[in-house]
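The values are calculated or read from the model by the stated rules, or taken from the named source; none is laboratory data. Computed from a prediction, not measured in an experiment: that's the story for all the values here. All Cβ positions, glycine included, derive from the backbone under ideal geometry; neighbour counts span all protein chains shown. SASA here: full protein model, heavy atoms, side chains in, ligands and nucleic acids out. Shrake-Rupley method; radii C 1.70, N 1.55, O 1.52, S 1.80 Å.
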Amino acid sequence: MKKILSIIAVAATLTTTSCIKEIEPQSSTITVDQVKSAPGAFNNAVAAITATLCGEFVYGGGDNNYPYDLGIPAFYLERDIMGQDVVYVYQNWYTYWYTVQYLGPSYRMSQMPWTYYYGWIKSCNEVLSMAGEEPAEDQKAGAGIAYAMRAYFYMDLARMYAQKPYALAKTGEQSVSVPIVNENTSLQDLAHNPRATNEDMWAFILSDLDKAETLLADYKRTDVYTPDQSVVYGLKARAYLEMEDWANAEKYAKMAQNGYTIMTQAEYTDWNTGFNTPNGAWMFGMTYKTDDPQILNNDADSSWGSMMCIEINPTVSGCGYAANYGQPFIIDRHLYETIPATDCRKKCYVDFAIDDNIEIADGDGNPTPEGLEALSAYSNHPDWLINTGLAARGYGKVGGLPLKFRTAGGEAGRDNQYIGFVVAVPIMRVEEMYLIEAEAAGMQNEARGIELLTKFAKTRDADYVYGTHNEAYYNTTTSKFQNECWWQRRVEFWGEGMATFDIKRLQKGIIRSYAGSNHTDGYRYNSETTPEWMNWCIVQTETNYNYDCTNNKDPQYPGKNSEEYVW
């Protein structure tokens with residue numbers, strides 16, 4: 001939009017000859033109507049909504065190429081490491097969320113989501129303002145995309161900031177989320193714009209999705225990087241799951257599945273295309289481009305690939321926070337050990353038994369033959385994995401290293417991060433819809449839910465037996481059936497940004513401290529209930545100037561390891 005306005009502004013200042021009619025206005029002020037009428041303005045504004053989901057430095061900009069200024073992928077990591085399933089072994093860029101420090105309203109970490117999400121919402125509002133309440137035929141799809149994306153952004157915000165999950169409103173425990181800003185909100189309104197209640201927020205989200213469903217009815221997209229009607233169905237399934245409207249959650253999850261196929265075991269574990277390339281299961285995603293600032297700047301180290309892709313040549317490239325700088329995000333050991341050997345998803349993480357049973361390197365850090373042989377089951381470059389493990393300061397092991405998210409471009413990408421980190425990242429996969437369908441069905445009729453859950457689980461593990469993953473942890477907030485659903489979601493979507501949302505939705509505690517834990521010493525926190533630190537703080541500047549906006553509690557750093565939990 002800034003580029004569009006700049007072009008219009010320049011055009012408005014050009015001098016004209018006497019035979020050319022002068023153009024209004026004859027000033028440097030650009031009106032909304034002129035933006036609407038600029039050639040291609042509407043379509044460019046629609047494209048701008050999804051253009052910065054990843055790849056751009058929206059928060060820092062300029063030379064401030066923070067490795068947590070990643071857009072949606074950064075929020076995946078920040079949310080997931082607040083729980084238990086993703087371990088941040090060395091404390092650096094993402095330490096704030098893992099250790100629960102410096103997340104209060106006066107810190108940069110609170111400003112960042114506000115800058116991103118309300119910036120994206122502003123882009124949606126601009127499109128909807130341009131389209132009006134009754135969009136022209138050629139603007140219906142663009143308006144539908146704006147409604148769908150605004151619902152998606154508010155859905156994230158509602159789950160990040162709400163003090164309690166929506167379902168508790170049924171028991172009278174009302175909660176609030178964030179202020180709603182739409183295309184009709186005036187500047188004067190912003191000064192007195194209280195946080196919406198959960199009920200009002202989710203009603204607003206569903207209203208947007210209803211409009212998107214209608215407007216996108218005839219829209220045919222060319223790739224998975226913009227939402228279509230199937231994604232709207234998926235977003236409705238997410239919303240109704242959160243609201244515990246089981247019938248509608250099941251209905252829309254089923255509708256969303258049409259046209260998609262569950263990833264095969266081979267696709268899930270593919271060494272070249274694993275979770276870097278859309279396939280028949282991807283409903284919605286985002287992608288890096290070769291000319292993205294996050295790829296071109298800072299040796300591409302401020303990108304998702306740098307954080308999650310560990311197969312980068314240490315001698316040719318030598319880059320990557322996860323691969324070579326000692327800061328990989330790895331799987332929690334207990335979660336890994338609950339995955340049966342027959343489950344294909346276990347192949348996405350290096351076995352902890354390798355560290356327990358063999359020496360992966362000699363005293364000089366050189367890979368041993370035994371180490372190379374063991375790690376050849378995960379990569380064509382087992383020596384690189386040993387390098388990654390040894391580089392992980394304070395860890396020095398390979399157990400739990402992730403191979404779920406592979407570098408792009410084959411061998412060329414593994415030698416060159418400017419190719420390897422140009423990956424796609426999933427936002428919604430059809431597997432989520434199958435698991436929502438199963439959970440929602442089971443909450444109405446448990447036998448039917450177990451049947452659906454078992455059918456899905458067998459796509460990952462032919463030997464799956466229902467009832468083996470009933471981990472209630474400290475509480476019994478959910479049934480044995482719902483715990484089984486949760487376990488499947490934890491394993492299926494590891495690293496995809498859903499962990500905190502599920503912990504809050506199901507009112508679970510977390511466990512990092514237990515015998516053999518691989519969580520970083522000093523930050524092995526256990527919490528018998530959902531920790532308050534998962535309720536993100538609103539940035540102080542919002543509450544300073546929005547006089548009716550309240551805030552969540554400043555997260556309290558536990559300060560030490562908890563007593564070990566006995567499973």
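Would you work out which of THR388, PRO369, GLY413 lies farthest towards the positive end of the dipole of the range 337-419, given +1 charges on the beta-carbon of Lys and Arg and -1 on that of Asp and Glu, about the Cα centre?
GLY413
Sorted by accessible area (1.4 Å probe), largest first, how do HIS519, HIS192, HIS381 line up?
Numbers: HIS519 0, HIS192 110, HIS381 35 Å².
The ordering from most to least exposed comes out as HIS192, HIS381, HIS519.
With +1 assigned to the C-beta of every Lys and Arg and -1 to the C-beta of every Asp and Glu, and no other charges, what is the dipole magnitude of the chain about the Cα centre in debye, to the nearest 20?
580
Keeping every protein chain in place, order SER123, SER106, SER302 by accessible area at 1.4 Å, biggest value first, i.e. largest first. Intermediate values should be presented prior to the final figure.
Values: SER123 25, SER106 80, SER302 0 Å².
In descending accessible area the options line up as SER106, SER123, SER302.
Rounded, prolate or oblate for the range 294-436? Axes are the square roots of the Cα gyration tensor eigenvalues, ordered a ≥ b ≥ c, and the cut-off for rounded is a/c under 1.5.
Values: a/c = 1.85, a/b = 1.05, b/c = 1.77.
Oblate, because a/c is 1.5 or more while a/b does not exceed b/c.
On a 1.4 Å probe surface of the protein chains, which of THR468, THR338 comes out largest in accessible area, and what is the full order?
Details: THR468 85, THR338 25 Å².
Accessible-area ranking of THR468, THR338, largest first: THR468, THR338.
Hey, what angle do you get for helix 41-51 against the long axis of the chain, alpha-carbon based, 0 to 90 degrees rounded to 10?
On a 0 to 90 degree scale, this one is about 20.
Taking a probe of 1.4 Å, how large is the accessible area per residue of the chain, in Å²?
Value for the chain: 40 Å² per residue.
Roll a 1.4 Å probe over the protein heavy atoms and report the accessible area of TRP567 in Å², nearest 10.
120
Please turn the phi angles of the range 220-225 into ³J(HN,Hα) values with the Karplus equation 6.51 cos²θ - 1.76 cosθ + 1.60 (θ = phi - 60°), one per residue in order, whole Hz, x for glycine and proline.
So the J values, rounded to whole Hz, are 10, 8, 9, 7, 8, 8.
Cross-link list LYS347/LYS404; LYS122/LYS254; LYS458/LYS508; LYS164/LYS404; LYS140/LYS289: which exceed 20 angstrom alpha carbon to alpha carbon?
On the way: LYS347/LYS404 8 Å; LYS122/LYS254 32 Å; LYS458/LYS508 26 Å; LYS164/LYS404 32 Å; LYS140/LYS289 28 Å.
Flagged as over cut-off: LYS122/LYS254; LYS458/LYS508; LYS164/LYS404; LYS140/LYS289.
Accessible area of the chain with a 1.4 Å probe: how many percent of it is carbon plus sulfur?
Carbon with sulfur: 50 percent of the solvent-accessible area.
With the Cα gyration tensor of the range 163-297 giving a ≥ b ≥ c as the square roots of its eigenvalues, does the rule (a/c under 1.5 for rounded; else a/b larger than b/c for prolate; else oblate) give rounded, prolate or oblate?
Numbers: a/c = 1.93, a/b = 1.46, b/c = 1.32.
Prolate shape, in that a/c is at least 1.5 and a/b is the bigger ratio.
Given the alpha-carbon gyration tensor of the range 423-488, what are the semi-axes of its equivalent ellipsoid in whole angstrom, ordered largest first, with each equal to the square root of 5 times an eigenvalue? Intermediate results must be reported in sequence, preceding the final value.
Working: eigenvalues 83, 42, 34 Å².
For the range 423-488, the semi-axes come out at 20, 14, 13 Å.
Under 8 Å for C-alpha pairs, at least 6 residues apart: give me the relative contact order for the range 194-343, rounded to a whole percent. Write down the numbers at each step before the final one.
Numbers: 133 pairs, mean separation 19.8, N = 150.
Relative contact order of the range 194-343: 13 percent.
Rounded if a/c is under 1.5, else prolate if a/b is larger than b/c, else oblate: which is the chain, with a ≥ b ≥ c the root eigenvalues of its Cα gyration tensor?
On the way: a/c = 1.66, a/b = 1.37, b/c = 1.22.
Judged from the Cα gyration tensor, the chain comes out prolate (a/c at least 1.5, a/b above b/c).
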